[in-house]
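Chemist: Got a structure here, written out as structure tokens. Questions coming.
The values are calculated or read from the model by the stated rules, or taken from the named source; none is laboratory data. Only a predicted model underlies this, so the values are computations on that prediction, with no experimental measurement involved. Here the Cβ is made from the backbone with ideal geometry for all residues, glycine too, and neighbour counts use every protein chain on show. Just the protein is used for accessible areas: all its heavy atoms, side chains included, with ligands, DNA and RNA removed. Shrake-Rupley method; radii C 1.70, N 1.55, O 1.52, S 1.80 Å.
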Amino acid sequence: MDILGFITVPGWVLTVIIVLITLYLYSLWYQSLWRRLGIPGPKPIPFLGVLPLYMKHGIAKGDLQLVKTYGSVVGIYQGHLPILLVSDPEMLKEIFIKDFSNFTNRSIPFKMAKENACGVGAAYDNHWKFLRSTISPTFSSGKLKLMVPKIQRCCTDLVENIEQHSEQGELVDMKEVCGAYTMDVIASTAFGIDVNSKKDPNNAFVKHAKQAALGLIFKPQLLIIMMFPFVKNWFTVRFAGKEVGEFFKSVVDSAIEIRKKGQEVYNDFLQLMVTARRDENPSAYFTTGDLKEFKNRGLNNMELIENAVTFFIAGYDTTANTLSFACYCLATNQDVQDKCIEEIDNVLHGEKPQMEDISKLEYLDRFFNEVLRLYGAATRFQREGKQDVTVKGVYIPKDVDISVPVYALHRNPLYWPDPEKFDPDRFTAENKAKRPEYAFVPFGIGPRICIGMRLALLEAKMALMFMLQTFTFSPCNKTEIPVEIESGGIIRAKNGIPLKINKR
Ligand code: HEM
């Protein structure tokens, strides 16, 4: 082809050039939002945005770098998807609490499978309100108390598993044993299934449960959506694989059948949700509409199954990793470990730990909060607005992902002097009063805060009491100090947490 009579270019080369220029302009257009709104942020790389930064440093440390450089409101692009990183505590209060009716929903950048949209973590608007209000009572202190015997049994297995390893002179990877413990707790408290997953790793529940947790890892469809957001509704993305979903469905179905026939009294979430279900006519079920209409129905089968699975997916890995980091912090801060033990001994006098003891362990609470500050499992949590709004002078367009960079907020020296130092005394009443309330948000904020927070604290503190009554932790030559974390959305120790166990 002859261009203006000067050069001759083959037609296919010209087509490639035009396509590349169009793609470049398309990318520039998508990545112009924050510049137009005057919000600071890194210069995006066409098509990739900040993905190379996250690929190099991981999400948590990438966020930390961005917040250090650009401040507490940063506009970024994951591919072409705009994300506003907000870590200003006052703005968080406005968005997550005062304007909750606008910011009710989580930002989910893909079309979810129908069953996934029935989980309380993913549901929208009135469907979420209905699910949350129906399911929340299952996490009340009274209901959790009924689950304590199950948790105590799992704690006994945890201590035995660790003792067995250490008696054979082995180092114990706390990431692995804490994973087995929280798997046992969630299997028994959510599904009514008693397993010892450390001793019985081939158990069908344990195998499928591990696959479900892995299913949350990055999906290739997401990369395509990040590049071309308009294809968002073309694919249906499942949180866990189809086979895993079907396995859990069959587990819940048969558990419900057994409960219908048997005389036994079950004290688990499944039973509490079954009790919350008022009618079984599936034709009457809907997921949108007026809240008053929802009040006339109970949970349907799909909601029941999906929420049992949600408890598992949201509760297993998060608690396991936080607990394993707690052991790491004890091992690497012997003075703190001594204080925790002294307090446990003074309160428990060698008796079996009970739920009532937890409120008396004030130092253990400070210690665990400091673990959650540095190693709380969630790197981010999100909302998206239904309307454009201006919050503290920042214009936030509707439908944009507002993400809280928890790891960065918990290390902001404005609120946490010498942020990498492990110091439980940051959580004395006096020190807490010196910083804004929403500078510490390991379980999220507002009406959509983690529904399992009380269970997580109960199971983690119970495990710490049981373990510290029996042994102490110290670092070994394989313990990584400082511990390296994985690059994904959950804070996990990349190379495990091998520790030396010393019998008390
Ligand atoms: C140390 C352990 C845990 C941590 C750090 C954690 C953290 C979080 C965070 C940050 C959120 C987002 C909250 C927000 O958007 O404001 C969340 C939501 C949620 N968590 Fe947890 N979580 C933990 C354990 C658990 C457990 C044990 C369960 C259940 C058994 C659970 C179930 C959920 C559910 C269902 C949601 C969604 C709630 C909703 O959308 O209404 N989590 N969690």
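Chemist: Only one of these is surrounded by fewer than 11 Cβ atoms within 10 Å (Cβ to Cβ) and farther than 23 Å from W416 by Cβ: G38, G79, G75, G49. Name it.
Modeler: None of the others qualify; the one that does is G38.
Chemist: Scan the stretch 480-504 for residues that are part of a loop (DSSP other than H, G, I, E, B), open to solvent by 20 Å² or more (accessible area, probe 1.4 Å) and not charged (D, E, K, R) and jot them down.
Modeler: First pass over the stretch 480-504, keeping only residues part of a loop (DSSP other than H, G, I, E, B): 480-484, 486-489, 491-492, 494-497, 504.
Then keep just the ones that are open to solvent by 20 Å² or more (accessible area, probe 1.4 Å); that gives 480-482, 484, 486-489, 492, 494-495, 504.
Result: I481, P482, S487, G488, G489, N495.
Chemist: Consider only pairs whose beta carbons are under 7 Å apart and that are at least six residues apart or on different chains; among these, list those whose first residue lies in the stretch 33-48 and is assigned by TED's automatic domain parsing to the domain that holds Q65 and whose second residue is hydroxyl-bearing (S, T, Y) and at pLDDT below 95.
Modeler: P46/Y24; P46/S27; F47/S27
Chemist: On to the next question. Please tell me if V441 is within 27 Å of A123 (Cα to Cα), within 16 Å of the ligand (Cβ to nearest atom) and not in a loop (DSSP other than H, G, I, E, B). Break it down stepwise before answering.
Modeler: Details: within 27 Å of A123 (Cα to Cα): yes; within 16 Å of the ligand (Cβ to nearest atom): yes; not in a loop (DSSP other than H, G, I, E, B): no.
Criteria not met by V441.
Chemist: With respect to the numbered conditions (1) out of contact with any Cys (no Cβ under 7 Å at 6 or more places or on another chain); (2) open to solvent by 10 Å² or more (accessible area, probe 1.4 Å), which one is the sole condition not fulfilled by T379?
Modeler: So the condition that T379 fails would be (2).
Chemist: Sort out which residues of the stretch 407-446 are of a type in the set (G, A, S) and either crowded, with 16+ Cβ neighbours inside 10 Å or under 27 Å from A314 (Cβ atoms) (or both), and write them in order of number. Walk me through how you get there before you give the answer.
Modeler: Taking the stretch 407-446 first, the residues of a type in the set (G, A, S) are 408, 429, 433, 439, 444, 446.
Listed by number, the residues that qualify are A408, A439, G444, G446.
Chemist: Here's something else I'd like to know. Since R35 meets every condition but one in (1) in a helix (DSSP H, G or I); (2) within 27 Å of the chain's Cα centre (by Cα), which condition does it not meet?
Modeler: Condition not satisfied by R35: (2).
Chemist: Please go through (1) under 20 Å from L144 (Cα atoms); (2) of a type outside the set (D, E, K, R); (3) open to solvent by less than 30 Å² (accessible area, probe 1.4 Å); (4) within 15 Å of the ligand (Cβ to nearest atom) for L361 and return the number of the only condition it doesn't satisfy.
Modeler: (4)
Chemist: I would also like to ask the following. May I ask you to verify whether E351 is not aromatic (F, W, Y) and not in a helix (DSSP H, G or I)? Quick ask: steps written out before the conclusion?
Modeler: On the way: not aromatic (F, W, Y): yes; not in a helix (DSSP H, G or I): yes.
Criteria met by E351.
Chemist: Starting from the stretch 170-183, take each residue that is over 21 Å from Q152 (Cβ atoms) and list its partners that are in a loop (DSSP other than H, G, I, E, B), counting only C-beta distances under 7 angstrom and pairs at least six apart or across chains.
Modeler: Pairs found: L171/C476; L171/K478; D173/G496; D173/I497; K175/G496; K175/I497; E176/G496.
Chemist: On to the next question. Among the residues that make up the stretch 108-125, is at least one of them crowded, with 19+ Cβ neighbours inside 10 Å, in contact with a helix residue (DSSP H, G or I) (Cβ under 9 Å, 6 or more places away or on another chain) and under 30 Å from Y328 (Cα atoms)?
Modeler: Yes, because at least one residue in the stretch 108-125 is crowded, with 19+ Cβ neighbours inside 10 Å, in contact with a helix residue (DSSP H, G or I) (Cβ under 9 Å, 6 or more places away or on another chain) and under 30 Å from Y328 (Cα atoms).
Chemist: Here's something else I'd like to know. Among the residues of the stretch 177-198, is any among the aliphatic types (A, V, I, L, M) and more than 22 Å from A255 (Cβ to Cβ)?
Modeler: Filtering the stretch 177-198 down to residues among the aliphatic types (A, V, I, L, M) leaves 177, 180, 183, 185-187, 190, 193, 195.
Checking the rest, the ones that are also more than 22 Å from A255 (Cβ to Cβ) come to 177.
Yes, the stretch 177-198 contains a residue that is among the aliphatic types (A, V, I, L, M) and more than 22 Å from A255 (Cβ to Cβ).
Chemist: Among the candidates K145, K175, single out the residue that is at pLDDT 90 or above, assigned to a helix (DSSP H, G or I) and surrounded by fewer than 16 Cβ atoms within 10 Å (Cβ to Cβ). It would help to see each step written out before you state the result.
Modeler: Working: K175 fails: surrounded by fewer than 16 Cβ atoms within 10 Å (Cβ to Cβ).
The conditions single out K145.
Chemist: Among the residues of the stretch 447-460, is any within 7 Å of the ligand (Cβ to nearest atom), of a type outside the set (A, V, I, L, M) and more than 30 Å from I501 (Cβ to Cβ)?
Modeler: yes
Chemist: Let me ask something additional. If only one of D194, D184 is within 25 Å of Q271 (Cα to Cα), surrounded by fewer than 16 Cβ atoms within 10 Å (Cβ to Cβ), out of contact with any Gly (no Cβ under 8 Å at 6 or more places or on another chain) and among the acidic types (D, E), which one is it?
Modeler: Values: D184 fails: surrounded by fewer than 16 Cβ atoms within 10 Å (Cβ to Cβ).
After applying the criteria, what remains is D194.
Chemist: Please indicate, with yes or no, whether at least one residue in the stretch 300-317 is open to solvent by 30 Å² or more (accessible area, probe 1.4 Å), out of contact with any Ser or Thr (no Cβ under 6 Å at 6 or more places or on another chain) and modelled with pLDDT of 95 or more.
Modeler: For the stretch 300-317, residues open to solvent by 30 Å² or more (accessible area, probe 1.4 Å), out of contact with any Ser or Thr (no Cβ under 6 Å at 6 or more places or on another chain) and modelled with pLDDT of 95 or more: absent.
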